[in-house]
Each structure stands twice: as C-alpha cells, then as structure tokens.
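This report concerns only the one structure given below.
Coordinate-derived values only; no laboratory data. This one's a predicted model, so the numbers in the text were calculated from it and none came from an experiment. So basically every Cβ, Gly included, is an ideal-geometry build from the backbone, and we count neighbours across all protein chains shown.
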Amino acid sequence: MSIRILNITKRFGNIEAVKDVNLEIRTGEFFTLLGPSGCGKTTLLRSIAGFNRPEKGEIYFENRRVDTVAAHKRGVGMVFQNYAVFPHLSVYSNVAYGLRARKVPSGDIKIKVQKALDMVRLRGFEDRYPNQLSGGQLQRVAIARALVIQPQVLLMDEPLSNLDAKLRVEMRSEIRDLQRGMKITTLYVTHDQEEALSVSDRIAVMNLGVIEQVGKPWEIYTTPSNRFVAGFIGSTNFFEGTIAYREGDLAHVQLGGIEMKVPVASVQKEKISFAIRPEAFKLVDQVSLAEKQNFVALIGKVRKIEYLGNFIKYELELANGMNLKITSYDVPPHLLKREGETLEVVYEPQRVLIYND
C-alpha cells in the first residue's frame with residue numbers, strides 16, 4: 001500500500017506545524033520522519049492517521065483518497081509513544097479490542113490474537129495485566145494490537161522513546177524484522193538519528209514544518225543537502241572562510257591564519273561555508289607516505305579525549321582557536337595522545353561538504 005502526501009499544510013492557530021509537504025512512500029517501505037522536537041513530524045503522522053484535519057492538501061493510500069475519511073475507516077494501525085494500553089484489560093483483551101470493535105466473530109478473534117501475540121513473542125502472557133509487564137512487553141502489546149487488525153498501513157509515533165537504551169536497540173531490531181516479514185508499509189516517527197539510520201529504507205528529515213531532504217540512510221549521512229541536515233544527522237565540524245586562490249582542482253581557504261583545501265568545482269563564491277565529518281580525519285601516523293600526497297594536514301593541541309574501546313574521540317584546538325572533533329578507529333596504544341599534547345591529523349579534500357546556504 002503506497003502513501004502519497006500532496007501539499008499538506010496543518011495549522012494550529014497562527015502556527016504552521018506542517019508547511020506544504022509532499023511525500024511518496026512506497027509499498028512495503030519502512031519510511032521514517034526524522035527531526036527535532038516540534039518540527040512537525042508527529043503532526044504529519046497524525047494527519048495521515050486521521051487524528052488531524054489538514055487545512056490544505058490531499059492524502060492517498062494507493063489511488064484512494066483518505067484525508068476526507070474517518071480515522072477508523074482508513075485501515076491504519078497506530079503505535080503510540082506512551083503505549084496507550086488499557087490498564088484495566090488483560091493482554092488478550094487489549095490486543096482483541098480492535099477486533100471486537102469491528103465485530104469480528106469470537107472464534108476468529110482468538111485465532112488472530114494468538115497469531116499477533118506469537119509475532120511479538122508474548123504467547124503465555126494473555127492473562128497478565130499492564131501493571132505486571134515491563135516497558136518492552138507493554139510496547140509489544142501495543143504493536144500486537146496495531147497488527148492484529150491487519151492494517152494496510154502501520155504508523156509508529158516515537159514508539160521506543162520511553163525505553164532504556166539497551167531495550168531500544170533490541171526493540172528497533174524486532175520492529176524491523178516484523179515489518180520485513182509482513183511487508184507492511186510503515187511510517188515511523190523519531191528524533192533519534194541512530195534509530196532512523198538503522199531501521200529505515202528511506203528517511204525524510206524535517207525542520208520547522210518542511211522536508212529538508214529525503215533519501216536512503218547513507219545518502220542522508222554522506223551527502224546531506226544543507227547545513228541543517230549535516231548538523232542534525234551525526235556529528236560534524238563546520239568551517240567558514242575566504243578563498244585565497246585556486247590551484248588545479250582545489251581552492252585554498254583562509255580561516256584566521258589556518259589554510260585548508262576544498263574541491264574547487266563545488267565553490268561559486270569567495271566566502272565559503274563547509275563541513276567535515278569527525279571520522280573523515282585520520283591520524284597522520286596512520287597514513288602511508290603515498291597517501292599523504294592526497295591529504296591536507298592540520299595540527300592542534302588535544303583538549304579532550306574520550307576512549308570508547310574500538311574508537312577514540314579527540315577534541316583539538318587549532319592555532320586559530322577553533323575546536324575540531326576527530327573520531328579515530330583502531331588506534332594502537334602507542335599512538336594514543338594525552339590532553340595537552342600536539343596531534344597532527346589529515347583529511348582528503350573530497351570528503352568536504354560545502355554549504356553556501
């Protein structure tokens with residue numbers, strides 16, 4: 001079941017929470033709306049579910065227009081951030097609720113509920129009540145309740161935000177496996193970049209009610225379309241400088257006494273803003289002599305170190321006072337630096353992301 005969103009605008013008073021949004025979600029796709037709190041992603045999701053009525057635009061499931069259809073007639077399964085299970089009902093009754101509301105025969109209800117509980121690994125929990133369940137189990141009940149009605153579309157609004165970090169990782173993997181197994185079109189809302197990158201077929205990054213970029217996870221991360229996306233997805237270093245001169249394929253940029261190089265083909269103006277991901281830097285001692293010819297070197301003083309086992313995070317202070325974030329992988333013990341020591345790093349100009357917005 002594909003979803004088409006055409007020019008959707010939703011206002012609350014004078015505030016445009018969603019501004020003229022257009023999206024197409026493919027059949028069977030796991031599609032994520034990602035953005036900071038207040039960016040409009042939940043408002044858009046609730047408009048698709050039928051809980052909000054947009055002031056403008058149209059929403060289609062395949063060729064069927066649904067923005068004028070009541071929420072309970074859209075064929076949507078919804079999983080909420082706060083689980084929204086009924087505290088006075090057992091697990092069985094919570095999952096069966098939607099079927100009973102649709103007047104499904106009792107014999108069919110039992111079969112469907114057991115199948116849904118099997119999918120979320122809760123067989124044997126039928127008679128328990130919500131106060132007897134963990135957070136992860138409550139979320140499984142909510143997912144089973146959404147799936148048992150066999151929806152055409154599954155909508156999930158920050159479903160893991162109330163779980164601890166370890167359980168979030170486990171549950172997101174389970175949700176992805178379920179979605180793949182059922183091949184159900186899923187629209188997922190989160191503010192967690194790692195979560196979005198790990199589960200999504202494609203991602204739409206939202207900010208202030210608009211879509212900044214749509215793409216596959218690696219496209220969003222490696223080629224962010226603008227400064228906002230680059231800064232929101234992962235960590236990055238931003239630079240602003242003036243082009244001193246061009247030489248071959250590179251432009252030499254002055255940044256308060258430091259010179260850096262960027263690809264000249266991307267540069268249109270003398271003033272330039274650009275970004276480099278922390279992992280794009282390498283320790284100079286880890287680069288071969290042949291490789292060094294293609295790299296640009298920077299030297300700084302180590303201000304902060306985070307040792308995280310398989311990788312290290314450094315914060316360097318450059319000669320112009322700028323702080324530089326570095327992430328280095330597989331660093332042998334003899335190359336580790338201490339705070340206050342000098343560290344030389346290198347980067348390839350081709351790893352530079354240029355933004356003049």
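Convex hull volume per residue, computed on the Cα atoms of the stretch 237-355, equals 98 Å³. When the charge dipole of the chain is built from unit charges on Cβ atoms (+1 for Lys and Arg, -1 for Asp and Glu) and taken about the Cα centre, the candidate among 120, 308, 262 whose Cα reaches farthest toward its positive end is 120. When you restrict to C-alpha pairs under 8 Å that are six or more residues apart and normalise by the size of the stretch 3-232, the relative contact order lands at 28 percent.
Taking every DSSP beta bridge that has both ends in the chain, the antiparallel portion is near 75%. Taking the average, over residues, of other Cβ atoms within 10 Å as the packing measure, peptides 161-174, 108-121 rank 108-121, 161-174 from highest down. The protection proxy used here, the mean number of other Cβ atoms lying within 10 Å of each residue, ranks peptides 316-323, 33-40 as follows, highest first: 33-40, 316-323.
Counting only alpha carbon atoms, the long axis of helix 165-182 and the longest principal axis of the chain meet at about 60°.
Extent along the principal axes, Cα only, for the chain: 76, 47, 35 Å, with the longest axis given first.
Based on alpha-carbon centroids, what's the gap between the stretch 8-32 and the stretch 33-79 in Å, whole number please? Taking the Cα centre of each part, the stretch 8-32 and the stretch 33-79 sit 8 Å apart.
Contact order, relative form, for the stretch 104-216: 19 percent (alpha carbon pairs under 8 Å, 6 or more residues apart, mean separation divided by residue count). When each of the peptides 139-147, 235-243 is scored by how many other beta carbons lie within 10 Å of its residues on average, the order from highest to lowest is 139-147, 235-243.
Label-to-label distance, residue 344 versus residue 11, with points set 7 angstrom from Cα along the beta-carbon direction: 6.1 nm. Pairing the Cα long axis of helix 91-101 with the longest principal axis of the chain, what angle in degrees results, from 0 to 90 and rounded to the nearest 10? The two axes meet at around 70 degrees.
What does the C-alpha gyration tensor say about the overall shape of the stretch 83-209? Classify as rounded when a/c is under 1.5, otherwise prolate if a/b is larger than b/c, or oblate. Verdict is prolate for the stretch 83-209. Summing charges over neighbours of residue 172, with a neighbour being any other residue whose Cβ is under 11 Å away from its Cβ, gives -4 when K and R count +1 and D and E count -1. So which trypsin sites (Lys or Arg not before Pro) in the stretch 62-108 are both in a DSSP loop and have at most 13 other Cβ atoms within 10 Å of their Cβ? Sparse-neighbourhood loop trypsin sites (Lys or Arg not before Pro): 102, 103. Please report the spacing between the Cα centers of the stretch 93-150 and the stretch 161-193 in Å, no decimals. Their Cα centres are 18 Å away from one another.
Compute the distribution of all C-alpha to C-alpha distances in the stretch 40-147, in bins of 10 Å from 0, and list the percent of pairs in each, rounded to whole numbers. Result, from short to long distances: 14, 39, 30, 15, 1 percent.
Across the stretch 29-136, C-alpha contacts under 8 Å between residues 6 or more apart give a mean separation that, scaled by the residue count, equals a relative contact order of 21 percent. Compute the angle between helix 106-119 and the longest alpha-carbon principal axis of the chain, please, reported from 0 to 90 degrees and rounded to the nearest 10. Taking Cα atoms only, the helix is inclined about 20 degrees.
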